[in-house]
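*Asks:* Quick one: the structure is below, questions incoming.
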Amino acid sequence: MNVCRVRILDIPVDVINKKRAEKKVEQMLMENKSHTIIAINPEKVIAARHDSTLKEALENADLLLPDGAGLVWAARIFGYNGIQRIPGADFMENICKIGARRNCGVFIYGSREEVNRKATQILQKRYPRLRIAGRCHGYIDEEKMDELIEMINASGAIVLFVALGSPKQEKWMMKYLPRLNKVRICQGIGGTLDTLAGYSKRAPKWIQYLQAEWFYRLLREPWRIKRQKALIQFAKLVLKEKAR
Ligand code: UDP
């Protein structure tokens, strides 16, 4: 299945909807190689313009989910109308459903120990048929990384979720995925485990519907203002490019 990949401010993103993205996941599971899934939002677009390693990770990803209302807005401005917002956090659960149906082992790496444990329990409860092959918090020293790689390989996990925040998780995936010989799908999930475990709240459904989740997040976590400034920069650059 071919997915249309476009560039927004010279950063790639897939013009895709949830149904096609799920089909793509099914296809990835059948192929005997590893694939990366990364969510793209305006903040990441701005970061990747100044971070060549992050950009490389995005260029090489197999599925780039259009996360963030700002990204969908920009895509439509450039005429890419088939695009639908797919929050990475939601899509993780879609992958869990597919994994449960296909009996694929899942490994959950990242976040604080307490968050990781709680989120794993919640996922297991929500998807009783999901086979959790293993889990590990995200504060492993670089010297202990070999042990973690061995642990993931020994678990036989086919799906790996990496919750280290961006750009750490994308860089980790690019560096270590070649050593994970059984993993076929690796998704970067940022702060999703914190949300699942109830440590950080997602916006109510009506705010999500209004595509104003970014604003809700800013109100709850004002210290993110610096990161949110990237949104304004993103909008300015998009309008400038469109005018050109
Ligand atoms: N994190 C981690 N190890 C690190 C740094 C961060 O496991 O060395 C985790 C952190 O505990 C949190 C997540 O990565 O669960 C980052 O969440 P954030 O919402 O900042 O990520 P974003 O979705 O914005 O990329």
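Each value in this text was obtained by applying a stated rule to the coordinates, not by laboratory testing. On a predicted model such as this, the values are computed, not experimentally measured, just so you know. No Cβ is skipped: glycine too gets one built from the backbone with ideal geometry, and neighbour counts run over all protein chains shown.
*Asks:* Filter segment 153-196 down to residues that are among the β-branched types (Val, Ile, Thr), in a loop (DSSP other than H, G, I, E, B) and more than 18 Å from Lys118 (Cβ to Cβ) and give me whichever is nearest to the ligand (Cβ to nearest atom).
*Replies:* Val183
*Asks:* Take the residues in segment 35-67 that are within 11 Å of the ligand (Cβ to nearest atom) and not aliphatic (A, V, I, L, M), then tell me which one is surrounded by the most Cβ atoms within 10 Å (Cβ to Cβ).
*Replies:* Here the answer is Lys44.
*Asks:* Looking for something in a loop (DSSP other than H, G, I, E, B) and among the aromatic types (Phe, Trp, Tyr) - is there at least one such residue anywhere in segment 78-100?
*Replies:* Checking segment 78-100: at least one residue is in a loop (DSSP other than H, G, I, E, B) and among the aromatic types (Phe, Trp, Tyr).
*Asks:* Let me ask another. Consider Lys201 against the criteria (1) farther than 19 Å from Leu64 by Cα; (2) touching a strand residue (DSSP E or B) at 6+ places or on another chain (Cβ under 9 Å); (3) charged (D, E, K, R): it satisfies all of them except one. Which criterion is unmet?
*Replies:* Lys201 satisfies every listed condition except (2).
*Asks:* Something else: Which of (1) within 19 Å of the chain's Cα centre (by Cα); (2) under 21 Å from Leu148 (Cα atoms); (3) away from the ligand (no atom under 14 Å from the Cβ) is the odd one out, the single condition Gln211 does not satisfy?
*Replies:* Unmet condition: (2).
*Asks:* Another question, if that's okay. Would you pick out the residues in segment 109-135 that are touching a Gly at 6+ places or on another chain (Cβ under 8 Å) and within 11 Å of the ligand (Cβ to nearest atom)?
*Replies:* Selection gives Tyr109, Gly110, Ser111, Arg112, Asn116.
*Asks:* Which residue pairs have Cβ atoms under 8 Å apart, sit 6 or more places apart or on different chains, and have a first residue in segment 105-121 that is on the phi < 0 side of the Ramachandran plot and among the β-branched types (Val, Ile, Thr) and a second that is within 13 Å of the ligand (Cβ to nearest atom) and in a strand (DSSP E or B)?
*Replies:* Val106/Phe161; Ile108/Arg135; Ile108/Cys136; Ile108/Phe161; Ile108/Ala163; Thr120/Ile108; Thr120/Arg135
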